[in-house]
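Worksheet: the structure to be examined is printed underneath.
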Amino acid sequence: MSRGVTDPETEARQVRPREENDELGKWLSDLFDGTAEATVLGLPALVVATFSGDFVASSAALGGAVALSWGVAAYRNGRLSVGPEWPPFSVLYAGVRAVWYNLVLAVAVFGSVASGLFSASPAGLAAATVAGIAVGAAGVLALPFVAAGIESGRRL
């Protein structure tokens with residue numbers, strides 16, 4: 001079978017290079033990547049929080065996931081620079097990220113539930129979400145230091 005004939009405008013669209021994104025487009029692309037990384041690698045903890053049946057746990061997990069997504073997007077692409085650089089992409093650091101994101105989400109969820117400070121009222125759920133955001137943000141800021149410690153341990 002032969003390929004059908006197309007008009008010149010279609011041919012020009014197929015050969016033309018893609019246009020670069022503006023700042024908002026770059027941020028949305030980075031946020032998509034950060035959300036995918038944080039939620040896919042942190043999926044076990046998110047599933048446990050979702051199926052726990054506790055609204056406080058789900059609210060804290062939501063806050064932690066949002067903070068991880070935004071923090072990963074900002075830190076990984078140089079918009080946020082506090083301390084060491086973001087860990088490079090490798091199999092080792094993919095495992096470290098998976099363990100770290102699940103640990104951060106578990107601390108956000110079980111810390112919020114175990115503290116007993118948050119009720120199932122709207123105000124309590126909002127406070128649990130804020131607590132999850134705080135734990136997630138701290139986890140994002142601590143990950144480069146953990147990765148730097150692992151890297152220095154590998155060099156010994």
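Restricting to DSSP loop positions (anything but H, G, I, E, B) with no more than 10 other Cβ atoms inside 10 Å of their own Cβ, which trypsin sites (Lys or Arg not before Pro) remain in segment 16-114? Hits after loop and neighbour filter: R18. The angle between the Cα long axis of helix 55-76 and the main principal axis of the chain comes to about 50°, on a 0 to 90 degree scale. This model, with +1 at the C-beta of Lys and Arg and -1 at the C-beta of Asp and Glu, gives the chain a dipole about its Cα centre of some 440 debye.
Checking the a/c ratio against 1.5 first, then a/b against b/c, what shape does the Cα gyration tensor give for segment 71-111?
The shape class here is oblate.
To the nearest ten degrees, helix 91-115 and the longest principal axis of the Cα atoms of the chain are 40 degrees apart. Helix 23-41 and the longest principal axis of the Cα set of the chain meet at an angle near 50°. Note that segment 20-155, at 20 °C in a medium of 1.002 mPa s, gets a Stokes-Einstein diffusion coefficient of 141 µm²/s from its Kirkwood radius over C-alpha pairs. GNM on the chain, alpha-carbon springs under 10 angstrom: the most fluctuating residue among G63, G116, G136 is G116.
Not counting the cut sites, what is the longest span of the chain without GluC sites (Glu not before Pro) that DSSP labels loop and that have at most 14 other Cβ atoms within 10 Å?
After excluding every exposed loop site, the longest remaining stretch is 86-156.
Per-residue ellipticity at 222 nm for the chain, helices alone: DSSP H runs ≥ 4 residues times -39500 (n - 2.57), over residue total, nearest 500 deg cm²/dmol?
So the calculated ellipticity at 222 nm is -25500 deg cm²/dmol.
Every number in this text was worked out from the coordinates using simple rules, so none of it is lab data. Because the structure is a prediction, the values reported are computed rather than measured. Cβ atoms come from the backbone with ideal geometry, glycine included; neighbour counts cover every protein chain shown.
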